[in-house]
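Student: Structure below; questions to follow.
The values are calculated or read from the model by the stated rules, or taken from the named source; none is laboratory data. Just so it is clear, the structure is predicted and the values come from calculations on it, not from any experiment. With ideal geometry, Cβ positions are generated from the backbone for all residues, glycine too; neighbour counts draw on all protein chains shown. The accessibility values were calculated without ligands, DNA or RNA, using every heavy atom of the protein model including side chains. Shrake-Rupley method; radii C 1.70, N 1.55, O 1.52, S 1.80 Å.
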Amino acid sequence: MCGIVGYIGPKNAVPIIMEGLKRLEYRGYDSAGIGCMIKGKLKVWKKEGQLANLEGILPEGLASNIGIGHTRWATHGGVTEANAHPQVGSRGKVSVVHNGIIDNYSALKKKLIGEGVAFTSETDTEALANLAEKFLGAGMAPDRAVRETLKLVSGTYGIVFLFTEHPDLIIGARNGSPLVVGVGDGEMFVASDANAIVRHTRQVVYLDDGETVVLTRDGFRTRDLRDAVVDKQVEEIDWVVEETGKNGYENYMLKEIFEQPEAVGRTFGGRLVPEFGTAKLGGLNLERRDFFDIRRVEIVAMGTAYHAGMIGSFLLESIARVPARAEIASELRCRNPIVEKETLYFVVSQSGETADTLLTLREIRNKGGRVMGVVNMVGSTMARESDGGVYIHAGPEMAVASTKAFTCQLMSFNLIALLFARMRDLSLAEGRALVREIQEIPDKMRRVLDQAEEIARIARKYKNAQSFLYLGRGPNYPVALEGALKLKEIAYIFSEGMSAGDVKHGPIALVSEETPVVMIAVKGDNLDKTISGMMEINARKGRIIVVTNVDDERITRIAEDVIRIPETRESLSPLLTVIPLQLLAYYIAVELQRDVDRPRNLAKSVTVE
Ligand code: G6P
């Protein structure tokens, strides 16, 4: 979702901001803008669409020592140049870039209009620029004007202000949307994500909610909204800046699909203990004795991460025999969650910033619940605010549609389930066998990826279908949901994932020759029932594409296309079955000439509720 980058210092701010915004591009946006001071005057450029469009209108040789930039994902007001950020106050004295949503902006706006302020955009943000201007006009210093503005605001923000008459400072603030300060030598940076500035400095300060920061070339000062000084630790970013290039692939999504064997290898690397047939997850901060007290597990997440959580709950119940369930975070919050002492909570999130998941984490913790994070982004808000957790080590995921983060989340839950299981009923021998099978997964994933060309052929065959159904059972039911989600996200084709058992209770009415039905049929308890379901679809002339690891004549007889994957136990099978579905969606999207990495209307990390 929206991205923020700001700079003050001796260098030219423009390339630093533009490069920083590019590093946040993957999060999804639909317009971009930059504002900087040139010879005492504020200059702003904004453009709809990709950053390249903005770049195209910047004057050659543009140079400034202070500036702010933004990529916007529309919430209040459509995708227009006027609604892009920076938003500038009516007197041209304050410009603002903002991530988040101001809930009471219409009341604020109405009042300002009553006072004679003219508005030029439909955004909630413009009210903040005008409010700050009003306070400046009343003689307040910029930092006080910002504080007084934010005191009137309810909603979420990661926000950065630039003041035309004070070209020696930038002010930032955070409430519910991340902001990080980069500390340089005689220069300072600010961004919504450390990735945007890590090339320039590894010394960072993460703002917490309710804090403001004043940046000058030589340093920073953090305060709360009551003007009390807040002492902040400068932290060193210790993660490696990974190469975020496409590495010869046509786009990030394909690269990330093909990176999965190495990525899941990183997830379990150093965490398996073959000798004891278990996993070691120090980040959970759980003593062995703590496991006796855990009676239940509840997993909350959104989107793809929720699908991983659903499979996680299956694994915890079936392998570790701990009652577990997964919930869509935003739905759990609707119900005023009942938080129990014996329940261990997990939040799952690639970005670690998704507002719905983060707010649920806070609600549970505020009620005394113990919350673990299954998170990719190191240092993200969820990683910092949870009681412990598992970093999935997927590496940077740039494509908006999540692929390798999903399989790494699955691998993390396999480790968590193994650990729990060995603290309960799973024998040493069974634990060791599971460890061995986990170690074989990367190779088996490679064998699935070897079939990319065949899957591309299937994609060409079905690319013009108007709708798709995806069916699976047990741990592969969420995989069906995930396969359908991928197709919706990047090919914009209506698709439904559902339980292969439930399809006959209504949705089967949708089946006809026109409807490709993707079915997952793997060895295990659910195979026969899945095959019966396949017969039912076949009897209604549905065209069946099967992903399977069994050689069963019943399947080959009725399926139009068969994608074969290596055998593994059912609980590990989602790590393999999802890959053909990712590739199918990918190749259909390519055939339909979609922007695979940056699908319309989507954002990588949704930081609004
Ligand atoms: C957005 C993305 C999805 C993602 C979901 C959860 O909707 O478009 O791809 O699955 O957020 O994101 P998270 O970062 O919490 O995993």
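Student: Scan the stretch 528-541 residue by residue and report those that are open to solvent by less than 10 Å² (accessible area, probe 1.4 Å) and in contact with an Asp or Glu (Cβ under 8 Å, 6 or more places away or on another chain).
Tutor: 531
Student: Next question. Given the options 338, 311, 364, name the one that is open to solvent by 30 Å² or more (accessible area, probe 1.4 Å) and among the β-branched types (Val, Ile, Thr).
Tutor: Matching residue, one of 338, 311, 364: 338.
Student: What strands (runs of 3 or more DSSP E) completely inside the stretch 122-209 contain at least 3 residues that are closer than 23 Å to residue 15 by Cβ and not aliphatic (A, V, I, L, M)?
Tutor: Working: elements: 157-163, 170-175, 180-183, 188-191, 203-206.
Of the strands (runs of 3 or more DSSP E) lying wholly inside the stretch 122-209, those with at least 3 residues that are closer than 23 Å to residue 15 by Cβ and not aliphatic (A, V, I, L, M) span 157-163.
Student: Quick one: is residue 101 more than 18 Å from residue 180 (Cβ to Cβ), touching a residue at least 24 places away in the same chain (Cβ under 8 Å) and touching a His at 6+ places or on another chain (Cβ under 8 Å)?
Tutor: On the way: more than 18 Å from residue 180 (Cβ to Cβ): yes; touching a residue at least 24 places away in the same chain (Cβ under 8 Å): yes; touching a His at 6+ places or on another chain (Cβ under 8 Å): yes.
Against the criterion (more than 18 Å from residue 180 (Cβ to Cβ), touching a residue at least 24 places away in the same chain (Cβ under 8 Å) and touching a His at 6+ places or on another chain (Cβ under 8 Å)), residue 101 qualifies.
Student: Which of the strands (runs of 3 or more DSSP E) found entirely inside the stretch 1-91 contain at least 1 residues meeting this: open to solvent by 20 Å² or more (accessible area, probe 1.4 Å) and free of Cβ contacts under 8 Å to residues at least 24 places away in the same chain?
Tutor: Output list reads 41-48.
Condition check ((1) over 19 Å from the mean Cα position of the chain (by Cα); (2) in contact (Cβ under 8 Å) with a residue 12 or more places away in the chain; (3) more than 16 Å from residue 472 (Cβ to Cβ)) across all residues:
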residue: 302; (1), (2), (3): no, yes, yes
residue: 306; (1), (2), (3): no, yes, no
residue: 310; (1), (2), (3): no, yes, no
residue: 313; (1), (2), (3): yes, yes, no
residue: 316; (1), (2), (3): yes, yes, yes
residue: 326; (1), (2), (3): no, yes, no
residue: 336; (1), (2), (3): yes, no, yes
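Student: Separate question: Given the conditions (1) open to solvent by less than 10 Å² (accessible area, probe 1.4 Å); (2) within 16 Å of the ligand (Cβ to nearest atom), which single one is not true for residue 398?
Tutor: Residue 398 satisfies every listed condition except (1).
Student: Please list, ordered by residue number, the strands (runs of 3 or more DSSP E) wholly in the stretch 502-609 having 2 or more residues that are more than 16 Å from the ligand (Cβ to nearest atom) and closer than 20 Å to residue 446 by Cβ.
Tutor: 543-548, 561-564
Student: Mind checking whether some residue in the stretch 284-297 is assigned to a helix (DSSP H, G or I) and open to solvent by 40 Å² or more (accessible area, probe 1.4 Å)?
Tutor: Yes.
Student: Exactly one condition in (1) more than 30 Å from residue 23 (Cβ to Cβ); (2) without any contact (Cβ under 8 Å) to a residue 40 or more places away in the chain is not met by residue 137; state its number.
Tutor: Going through (1) more than 30 Å from residue 23 (Cβ to Cβ); (2) without any contact (Cβ under 8 Å) to a residue 40 or more places away in the chain one by one, residue 137 breaks only (2).
Student: Please indicate, with yes or no, whether at least one residue in the stretch 396-408 is modelled with pLDDT of 95 or more, over 13 Å from the mean Cα position of the chain (by Cα) and part of a helix (DSSP H, G or I).
Tutor: For the stretch 396-408, residues modelled with pLDDT of 95 or more, over 13 Å from the mean Cα position of the chain (by Cα) and part of a helix (DSSP H, G or I): present.
Student: Please pick out the residue among 352, 389, 368 that is outside any helix (DSSP H, G or I) and either away from the ligand (no atom under 16 Å from the Cβ) or touching a Cys at 6+ places or on another chain (Cβ under 7 Å) (or both).
Tutor: 368
Student: Scan the stretch 512-527 and tell me whether some residue there is under 30 Å from residue 595 (Cβ atoms) and open to solvent by 60 Å² or more (accessible area, probe 1.4 Å). Please lay out each step first, then the result.
Tutor: From the stretch 512-527, those under 30 Å from residue 595 (Cβ atoms) are 514-520; that's our starting set.
Pick out the ones that are also open to solvent by 60 Å² or more (accessible area, probe 1.4 Å) and you get 514.
Yes, the stretch 512-527 contains at least one residue that is under 30 Å from residue 595 (Cβ atoms) and open to solvent by 60 Å² or more (accessible area, probe 1.4 Å).
Student: Still on this structure: Given (1) among the acidic types (Asp, Glu); (2) touching a residue at least 24 places away in the same chain (Cβ under 8 Å); (3) not in a helix (DSSP H, G or I), identify the lone condition not met by residue 262.
Tutor: Looking at each condition in turn, residue 262 falls short on (3).
Student: I'd like to verify a number: residues in the stretch 305-326 that are within 16 Å of the ligand (Cβ to nearest atom) and assigned to a helix (DSSP H, G or I), how many?
Tutor: 8
Student: Here is a further query. Give 216, 222 a once-over and let me know the one that is at pLDDT 95 or above, among the hydroxyl-bearing types (Ser, Thr, Tyr) and over 29 Å from the mean Cα position of the chain (by Cα). I'd like the intermediate steps shown before the answer.
Tutor: Numbers: 222 fails: over 29 Å from the mean Cα position of the chain (by Cα).
Residue meeting the stated conditions: 216.
Student: Inspect all residues belonging to the stretch 592-602 and state whether any of them is touching a helix residue (DSSP H, G or I) at 6+ places or on another chain (Cβ under 7 Å), buried (at least 22 other Cβ atoms within 10 Å of the Cβ) and of a type in the set (Asp, Glu).
Tutor: The answer is yes; a qualifying residue exists.
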